[in-house]
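Computed from the coordinates by the stated procedures, all read-outs in this text should not be read as laboratory data. Computed from a prediction, not measured in an experiment: that's the story for all the values here. Methodologically, a virtual Cβ is constructed for each residue, glycine included, from the backbone with ideal geometry; neighbour enumeration extends over all protein chains shown.
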Amino acid sequence: MRYDFNKIEKNWQDYWAKNETFKASNTSDKPKYYVLDMFPYPSGAGLHVGHPLGYIASDIYARYKRHKGFNVLHPQGYDSFGLPAEQYAIQTGQHPAITTETNIATYRRQLDQIGFSFDWSREVRTSNPEYYKWTQWIFIQLFESWYNNNSNKAEAIDTLITKFTSEGNTTVNAACDENIEPFTAEDWNGYSSEKQQELLLKYRLTYLAETEVNWCPALGTVLANDEIVNGVSERGGHPVVRKKMTQWSMRISAYAERLLQGLDTIDWTDSLKESQRNWIGKSVGASVSFNVIASEAQQSANSEKQIIDVFTTRPDTIYGVSFMTLAPEHELVSQITTADQKADVEAYIEKTAKRSERDRMADVKTISGVFTGAYAEHPFSKEPIPIWIGDYVLASYGTGAVMAVPCGDQRDYDFAKYFNIEIPNIFEDIDISEEAYGSKDNVKIANSDFLNGMNYKKATKRAIYELEQIEQGEGKTNYRLRDAVFSRQRYWGEPFPVYYVNGMPQMIDKAHLPIVLPEVEKYLPTEEGEPPLGRADVWAWCTEFNSVVSNDKINNTTIHPLELNTMPGWAGSSWYFFRYMEDAANRGETFASEDALKYWENVDLYIGGSEHATGHLLYSRFWVKLLKDRGFVNVEEPFKKLINQGMILGTSAFVFKLNLMWQDTTFHRGSEDYLKDLAQKLPTILCSTDVYQKYFSDGLSLFELNEKHDLPELDTFLNNVDTNQVDIHKLSFGETMIHTDVSLINSSNELDIEGFKNWRKGYKDVSWIFEDDKTYKVFRDVEKMSKSKYNVVNPDNIVADYGADSLRLYEMFLGPLEQYKPWNTAGITGVHNFLKKMWKLYVGENGLNVNGAEPTKDNLKTLHKTIKKVQEDIENFSFNTSVSTFMIAVNELTQQKCTSKEILQPLLVLISPYAPHIAEELWERLGNSESISTTPFPTFDASHLVESSKNYPISFNGKMRFTIELPMDMSKDDIEAAVLANEKTIAQLDGRTPKKVIVVPGKIVNIVG
RNA sequence: GCUGAAGUGGUGGAAUUGGUAGACACGUUGGACUUAAAAUCCAAUGUCCAUUAGGACGUACGGGUUCAAGUCCCGUCUUCAGUACCA
């Protein structure tokens, strides 16, 4: 009976589906365990072998936990809103919903054939109205919440209104817009409803405001900070500019501190936590107010006193301030600039405004700035301080202004040096003639009045105290984390449940959700520059009938326009893990029932790519905290443990195409143009890698190459070279590497020539230079898998040729889960042979090899060391080493000719998480009628591993020479005596007396001397 | 620049607390079976020297601690990832 993996795998996949083997229950006596993968965006290209890596790892863990007696939730779904489907729609007119549906079908087919233990009954799709109904609902919750800094949590907006009605806003300590005017209860009650709404918007956790956004003209939409990489859009790499627009924003900054603190409570990698910490960017220091010294003109005009607020992490260096720098965009710049400096300042502002974000980032070395002509007054010394503007100060961080302390900050130092500004030294015994002293350690403050002689810690405390005394500053913590822009000018996303009355946003009542995405003719922005939803004809809200109606009915009394933006990609993915908790049957009334949320709590193990470190993983945490504060869920963090799987890279294959190369000495006369022309005419010659590399290192010329090989085209070519112009013997060659489809390469890197000729029609009649054995060897290099590099490997082919179990084992066998590693299909024969060998251990020519034979000591030892190792490996997510362990176990048991059911049956349970199909098949053949999936994991018994003797390595000065078999229970002294008496030891010592003998019982003996 | 991860045969990688470096595979070479191929099985395979016995070297590089270092410490280099005039 041969191992017919295709048939076996199909059978068991059908069995699991039919019996709903992996359907999770929300009521169980078993402890719960929730294993989640980051759900995929269903792209048109389908899966390549890199995609399932994380899914296989999580599936192994989920299956292992079932064997360990847990009630496991292991769901899967699709993040199905997104740009590619929309762009396809723009090009073809195909509705994104149809494209998405087709792609999902492909994904599902591909996933199913790998044999995952997903509970598909709980599938979610973010683009389904019954799903995004709840995304809209959460948006409304955010709108109806404000963040109370006193209770340190979000509260219902009603509680804020109550406060305003009775106390005004002066006693409210909220995370809100800056510069909100103070008002009393009387004021509030006297305000118009519109004025009240306007004010409330400044407190809501999602708010509509004119903000400076990242506008991507090529994509026609705004982008969040995490969607921009190196100054260009993450998708497509298009330029991004700053632009003021009215947009929905999420007040994530309210949660900055809790997002930071929460990191200490979860089991994520340090690098990931560090990314989030950097993104949140907490810095502790002080805010300081500097009064601007009014010019004579201002004094006579009796204008208001101007104040520049700055944030500093070094209030202790306040006496080192010798100038101030404002961002060119700072609002005070135009007011304080003197008439003399006006022209220079305006020119500078114009110059910097023209530079894109990217240019500014690329060029951080150039120092530039302009003096405004104005001065500020030092809060303590009352000395005048010149005010400059410079683009090294960013408008978007802190207050957009800095107090420059050149002796303590390198950028201030460089600026001061460049513009010849004074650099006062306020550090005791520190030389600042070459560079600033940026460290806080090992230094005492000097020349600083009341701070003299203090260290950083003391001086900081005192400076803040003194600033507070004169009411010109206070201790302050600043965060880099900005509020997240939540509007996108796209079609294929969640519509907002929002309509506008006189320009003020109104929420549609929860009872009328979902607001379903309207139909449009085209998926482009309108001619007027409105988002695609501006093309919808039926996109107005009727407050009488609570329904979406035709736009012509808009009367601004009962029927109002709806929001035209849609939500960003991260909206639907910020809460999907809760949706899975509910049985599909009970998903009507809530996003997940209280019981389900209480039972499953949060995700125990989350596996996905590291590219979501600052986007999805931060936004999800934010939304979960909001939902917790408002009493909808019970957990503070969504993902207890998180693992990033590394990417699987492709092993690209290249053929070398020869091209012409020359040096100056190649010319006799004439011009280089002749050679360039000649280069065009060189016949196409493909040279095998090893041959090429040998020729290249030998420095062979083209002429010599022609002599070695019989290449008629090259011969003709060389005969036609004008030898008056060119020294033909000095004509050399180089190579152009041409990507070749990896499916044309065999395991020895040999190219399938006929296949290549058919694949690349342009290369049908080229000249070939082969190896001595008449093969063509390609050059290989590791790159990211991509269609354009022809190195994509489709799992469908692997499953057809070797089976899902082989694919699963091989993906794990490649290396540590978290590491980047290259795929090489050739290696799969290793694990495939292992499965065949394992099959043979159980099934012989004439039926089962397994019987009731009493297990031998060796059998038991092999089994139990395998149990121990595999269990440890799974718990450490070291899946690659367990695959080796299985190989060793099967090799040993084959060697031992083991037929004992007592050994071979538990072995199947160990392998079942990794290769579930073959495990189920053999399990059934051993006479079991139930699926192996919930069979208890075998228990490790250490007594089987106890050895009576040890093969001691004997080393001399740390170098192992030979081994001696000695009893385990031998004493240290006896071991020493036995080793020294051994003839090999005597021969090794050659008459010398050892200085010292180290004996580590059970480990090693080392003889020094 | 800063932060994090890493550097081991021809290749992917193993070595859990310092204790036999290179497990397990791929590839390569040789052999068996076969008319032949595939499949399967057996053997060898870190480098260098040596007919053998054996020896020297060897975990990016340079030092150090130790009876003993891939593993610990100090310094240097390289690669990858993230991030950046963050005041």
- What number, in percent, do you get for the relative contact order of region A:795-939 if the mean sequence gap of Cα pairs under 8 Å and at least 6 apart is divided by its residue count? 28
- Task: Calculate the dipole size of region A:28-118 relative to its Cα centre from +1 charges on Lys and Arg beta carbons and -1 charges on Asp and Glu beta carbons; express the result in debye to the nearest 20.
- Result: 520
- Message: Multiplying the sequence separation of A:SER948 and A:ASN442 by 0.36 nm and subtracting their Cα-Cα distance, what value in nm do you get?
- Response: 176.1 nm
- Message: Per residue of region A:718-725, what does 6.51 cos²θ - 1.76 cosθ + 1.60 with θ = phi - 60° give for ³J(HN,Hα)? Whole Hz please, x for Gly and Pro, Karplus curve as stated.
- Response: 5, 5, 8, 6, 6, 6, 6, 8
- Query: Considering only DSSP states other than H, G, I, E and B, which trypsin sites (Lys or Arg not before Pro) in region A:693-745 qualify as loop sites with at most 12 other Cβ atoms within 10 Å?
  - Reply: none
- Query: In degrees, nearest 10, range 0 to 90: what is the angle between the Cα axis of helix A:456-469 and the longest Cα principal axis of chain A?
  - Reply: 30
- Distance from region A:893-945 to region A:751-782 (C-alpha centre basis), Å: 47
- Task: Give me A:ARG109, A:ARG462 ranked fewest to most by other Cβ atoms within 10 Å of their Cβ, as a rough exposure proxy.
- Result: A:ARG109, A:ARG462
- Note on the structure: Between the Cα axis of helix A:96-112 and the main Cα principal axis of chain A, the angle (0 to 90°, nearest 10) is 30
- Return the long-range amide H neighbours of A:LYS950 (sequence gap of 5 or more, or a different chain), with a cut-off of under 5 Å between placed amide H atoms. A:LEU966, A:MET968
- Dipole of chain A (Lys/Arg Cβ +1, Asp/Glu Cβ -1, origin at the Cα centre): which of A:GLY852, A:PHE427, A:ALA154 lies farthest to the positive side? A:GLY852
- Note on the structure: Restricting to Cα pairs under 8 Å and 6 or more apart, the percent relative contact order of region A:376-511 works out to 12
- Are there GluC sites (Glu not before Pro) in region A:405-441 that DSSP marks as loop and that have at most 11 other Cβ atoms within 10 Å, and which are they? A:GLU422, A:GLU434
- Item | Equivalent ellipsoid semi-axes, region A:282-479, via Cα gyration tensor eigenvalues times 5, rooted, Å | 27, 21, 16
- Query: Residues with amide H under 5 Å of A:THR372's amide H, sequence separation 5 or more or different chain, H placed in the peptide plane at 1.01 Å from N; which?
  - Reply: A:ILE387, A:TRP388, A:ILE389
- Task: Among the lysines, select those whose C-alpha is under 28 Å from the C-alpha of A:LYS995, and discard any that sit fewer than 8 residues away in the same chain.
- Result: A:LYS950, A:LYS959, A:LYS972, A:LYS984, A:LYS1003
- Query: Which of A:HIS67, A:GLY77, A:HIS95 sits closest to the plus end of the dipole of region A:18-108, meaning its Cα is farthest towards the positive end, when Lys and Arg get +1 and Asp and Glu get -1 on the C-beta?
  - Reply: A:HIS67
- Note on the structure: Tilt, helix A:804-813 to longest principal axis of chain A (alpha-carbon atoms), in degrees rounded to tens, equals 70
- Which net charge results for the neighbourhood of A:LYS282, defined as the other residues with beta-carbon distances under 14 angstrom from its beta-carbon, given Lys and Arg at +1 and Asp and Glu at -1? +3
- Message: Using Cβ counts within 10 Å as a stand-in for footprinting exposure, how do A:LEU260, A:LEU658 rank, fewest first?
- Response: A:LEU260, A:LEU658
- Message: Per residue of region A:594-603, what does 6.51 cos²θ - 1.76 cosθ + 1.60 with θ = phi - 60° give for ³J(HN,Hα)? Whole Hz please, x for Gly and Pro, Karplus curve as stated.
- Response: 4, 4, 5, 5, 5, 6, 8, 6, 9, 6
- Message: Helix-only mean residue ellipticity at 222 nm, chain A, DSSP H runs n ≥ 4 weighted -39,500 (n - 2.57), per residue, nearest 500. What is it?
- Response: -10000 deg cm²/dmol
- Query: How high is the relative contact order of region A:282-479, in percent, with contacts defined as C-alpha pairs under 8 Å that are six or more residues apart?
  - Reply: 30
- With point charges of +1 on the Cβ of Lys and Arg and -1 on the Cβ of Asp and Glu, referenced to the Cα centre of chain A, which listed residue (A:PHE813, A:ILE385, A:ILE554) lies farthest in the positive direction of the dipole? A:PHE813
- Query: Can you sort A:MET737, A:MET403 so the residue with the fewest Cβ neighbours within 10 Å comes first?
  - Reply: A:MET737, A:MET403
- Query: Under a 5 Å amide H to amide H cut-off, with H placed in plane at 1.01 Å, what residues pair with A:GLY82 once short-range neighbours are removed?
  - Reply: none
- Message: Pairwise over distinct Cα atoms, reciprocal of the mean inverse distance: report the Kirkwood radius of chain A in Å, one decimal place.
- Response: 35.0
- Query: Quick one: Karplus J couplings for region A:418-435, per residue in order, coefficients 6.51, -1.76, 1.60, θ = phi - 60°, nearest Hz, x for Gly and Pro?
  - Reply: 4, 9, 6, 9, 4, 10, x, 9, 10, 10, 5, 6, 10, 8, 10, 6, 9, 8
- Task: Place a +1 charge on the Cβ of each Lys and Arg in chain A and a -1 charge on the Cβ of each Asp and Glu, then give the dipole magnitude about the Cα centre in debye, rounded to the nearest 20.
- Result: 2660
- Roughly how many debye, to the nearest 20, is the charge dipole of region A:231-324 about its Cα centre, given +1 on each Lys and Arg Cβ, -1 on each Asp and Glu Cβ, and no other charges? 400
